[in-house]
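Q: Before I ask anything, let me first share the structure, which is written out below as structure tokens.
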Amino acid sequence: MSNELILERVVPLPPAAVWRAWTEPELLMRWFCPAPWRTEEAQIDLRPGGRFSSVLVGPEGERFDNVGCFLEVDAPHRLVWTSALGPGYVPKADTGEFAFTCTLTFEAVDGGTRYTARASHADVDSANRHAEMGFHDGWSQALDQLVAAVKGHVAEG
């Protein structure tokens, strides 16, 4: 096993629409975590070193505050963020169960966008824990929700 977990799919949206879903808080809150969980808050300061945070709430009222920072912002093709650092690249004393860096790429292809999410962990054990938590199923479900949210947002006007 590797220290990376990867989800890759072609989604029926243009890269700019996928980019907006990841970078506009009101859109991100519609899809970011797999149901029945919901995203209650999102803050996005879209620049290297800028804040990327969310508050996830579970069906029993469980609450997870997630704060990280952006490392790379290349609209609408590549977005990199990490849970290991806070805004301004400040190291975090507590990164939760494990820290990881997420590299997202959005490549225009026939039929839409090749969406690639790569979660890089410090070691194989951390990647295994993330996989056991349901990385592939959860991120895949969230991606389905992203597509539905963007299509619904466009339909709303």
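Q: Would you kindly state the longest site-free stretch of the chain, with sites defined as GluC sites (Glu not before Pro) in a DSSP loop (not H, G, I, E, B) surrounded by at most 14 other Cβ atoms within 10 Å? The partial results should precede the final answer.
A: Details: sites that count: Glu60, Glu62, Glu97.
In the chain, the maximal stretch lacking such sites is 98-157.
Q: Tally Lys and Arg at +1 and Asp and Glu at -1 over the other residues with C-beta under 10 Å from the C-beta of Leu56: what net charge comes out? Could the numbers behind the result be given before it?
A: On the way: positive: Arg38, Arg63; negative: Glu40, Glu41, Glu62, Asp65.
The answer is -2.
Q: Ok, one more. Output the peptides 108-116, 87-95 sorted from most to least packed, where packing is the average of other Cβ atoms within 10 Å over each peptide's residues.
A: Working: 108-116: 15.2, 87-95: 11.4.
Ranking, from highest mean packing down: 108-116, 87-95.
Q: Order 119-129, 13-23 from most to least packed using the mean count of other Cβ atoms within 10 Å.
A: Values: 119-129: 16.4, 13-23: 19.9.
The packing order, highest mean first, is 13-23, 119-129.
Q: Under 8 Å for C-alpha pairs, at least 6 residues apart: give me the relative contact order for segment 9-141, rounded to a whole percent.
A: Working: 265 pairs, mean separation 28.3, N = 133.
Reported as a whole number, the value is 21 percent.
Q: Give me the mean projected area, in nm² to one decimal, of the convex hull enclosing the Cα positions of the chain. Intermediate results must be reported in sequence, preceding the final value.
A: Working: hull surface 36.7 nm².
The number I arrive at for the chain is 9.2 nm².
Since every read-out is calculated from the coordinates, none of them should be taken as a lab result. Given the structure is predicted, the values throughout are model-derived calculations rather than measurements. Counting neighbours? That spans all protein chains shown, and the Cβs are built from the backbone with ideal geometry, glycine included.
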